[in-house]
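Input: a single structure, listed below in structure tokens.
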Ligand SMILES: Nc1ncnc2c1ncn2[C@@H]1O[C@H](COP(=O)(O)OP(=O)(O)OP(=O)(O)O)[C@@H](O)[C@H]1O
Ligand SMILES: [Mg+2]
């Protein structure tokens, strides 16, 4: 593509290379999380750039240099980045003519743990690109997530579009239905649009409305000033800044949140807020979005294991089951019970995660049988639930 003589429209290809697990279910490979990661690596690249994740890089190195040591050529770039030259190692590599530029540990926009990325350097490839627009390119305090994010493409698109129409979007729905996770993921994806970043303010443990402003100030890392009230400090800081705040779990302080939000939005014209709350804030300019359950199969329609995996709730179940039981597989025998579980739990992510955790000791069929007593079944997993 780089060597093509383009006329007017130049097509630049970006490539992300990653490797990870794919589960063989007897008929197909299922590697949703690995694929999603590969897509994230690709998304971090610029047109014309090839990025490779550390996992894939290490496999490549292991496969191609059984004994030879890898020469790490220190480039005198101030950023401390270096090229790792593979050319001089073996005769095979003379033909490959590639080397790797270490771009450091980067947080991709799936908000989970950072991974090391390398840029592939080779003849005919453009070499110099601006810094990667990964999550760490903008200020933020988005908490690392230890589990993968599933689906929700439609919902995220909706929230992003709504944010263009309104500076306050409130995600509502029942407990455990994925409001916080959706807000975090959307915040990560739109971070490039906010020069001053995206900030997560966790209000779940807060009961005292008098502490609301200082909780936000702490989350944003602002210092209080003795001559001003906390609200003045906050407004002075936010004024003129392009910033997105995720106000999480507003329901306990709903009045205080509504009042403060209204004042902040009217004083700070570039501020936007995504609130999550079991009920709407009911303040001016708010657009609420009741997020739907995860998509779930119709238990009566005899889905094959492959067909089942197109549903978000099933994918979530499988991903979480694999964490506690790496042997877990969906097959023709347990597929009907799995479809029943996801539909009986109404596609609620928290409930599905709790049910999936039980695959450590129970078969899917047994979990299904015990769903009648679902509250005792689901609380048997984590001690903190
Ligand atoms: N799309 C998703 N992909 C993966 N995990 C998800 C997804 N949505 C929710 N979860 C997981 O399900 C659980 C419940 O989600 P979350 O905490 O976002 O719900 P909530 O609506 O904010 O609940 P609450 O009303 O209690 O604040 C969490 O463990 C979360 O990580
Ligand atoms: Mg929440």
Check your understanding: Among the numbered criteria (1) outside any loop (DSSP other than H, G, I, E, B); (2) closer than 14 Å to residue 297 by Cβ; (3) out of contact with any helix residue (DSSP H, G or I) (no Cβ under 6 Å at 6 or more places or on another chain), which single criterion is violated by residue 346?
Key -> (1)
Review point. In the list 27, 62, which residue meets the criterion of being in contact (Cβ under 8 Å) with a residue 12 or more places away in the chain and surrounded by fewer than 14 Cβ atoms within 10 Å (Cβ to Cβ)?
Key: 27
Exercise for review: Go over the candidates 119, 89 one by one and state the one that is at negative phi and either modelled with pLDDT under 90 or assigned to a loop (DSSP other than H, G, I, E, B) (or both).
Suggested key: 89
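Only one of these is more than 16 Å from ligand 2 (Cβ to nearest atom), outside the structural domain of residue 29 (by TED's automatic domain parsing) and without any contact (Cβ under 8 Å) to a residue 24 or more places away in the chain: 300, 325, 331. Name it. Working first, answer last.
Details: 325 fails: without any contact (Cβ under 8 Å) to a residue 24 or more places away in the chain; 331 fails: without any contact (Cβ under 8 Å) to a residue 24 or more places away in the chain.
Testing whether each residue is more than 16 Å from ligand 2 (Cβ to nearest atom), outside the structural domain of residue 29 (by TED's automatic domain parsing) and without any contact (Cβ under 8 Å) to a residue 24 or more places away in the chain leaves just 300.
Rundown of residues vs (1) closer than 21 Å to residue 197 by Cα; (2) assigned by TED's automatic domain parsing to the domain that holds residue 344; (3) away from ligand 1 (no atom under 12 Å from the Cβ); (4) in contact (Cβ under 8 Å) with a residue 12 or more places away in the chain, yes/no style:
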{"site": "252", "(1), (2), (3), (4)": "no, no, no, yes"}
{"site": "255", "(1), (2), (3), (4)": "no, no, yes, yes"}
{"site": "260", "(1), (2), (3), (4)": "yes, no, yes, yes"}
{"site": "264", "(1), (2), (3), (4)": "yes, no, yes, yes"}
{"site": "275", "(1), (2), (3), (4)": "yes, no, no, yes"}
{"site": "281", "(1), (2), (3), (4)": "no, no, yes, yes"}
{"site": "284", "(1), (2), (3), (4)": "no, no, yes, yes"}
{"site": "296", "(1), (2), (3), (4)": "no, no, yes, yes"}
{"site": "313", "(1), (2), (3), (4)": "no, yes, no, yes"}
Point to revise | Number of positions in segment 163-199 that are within 13 Å of ligand 1 (Cβ to nearest atom), closer than 22 Å to residue 284 by Cα and outside any helix (DSSP H, G or I) | key: 4
Check your understanding: Restricting the search to segment 143-162, which residues are in contact with a helix residue (DSSP H, G or I) (Cβ under 9 Å, 6 or more places away or on another chain), over 13 Å from residue 288 (Cβ atoms) and assigned to a helix (DSSP H, G or I)?
Key -> 155, 156, 160
Practice item. Can you confirm whether segment 317-337 contains a residue that is touching a strand residue (DSSP E or B) at 6+ places or on another chain (Cβ under 8 Å), under 19 Å from residue 150 (Cα atoms) and in a helix (DSSP H, G or I)? Key: yes
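The values are calculated or read from the model by the stated rules, or taken from the named source; none is laboratory data. Quick caveat: nothing in here was measured; it's all calculated off a predicted structure. In this analysis, Cβ positions are derived from the backbone assuming ideal geometry, glycine residues included, and neighbour counts consider all displayed protein chains.
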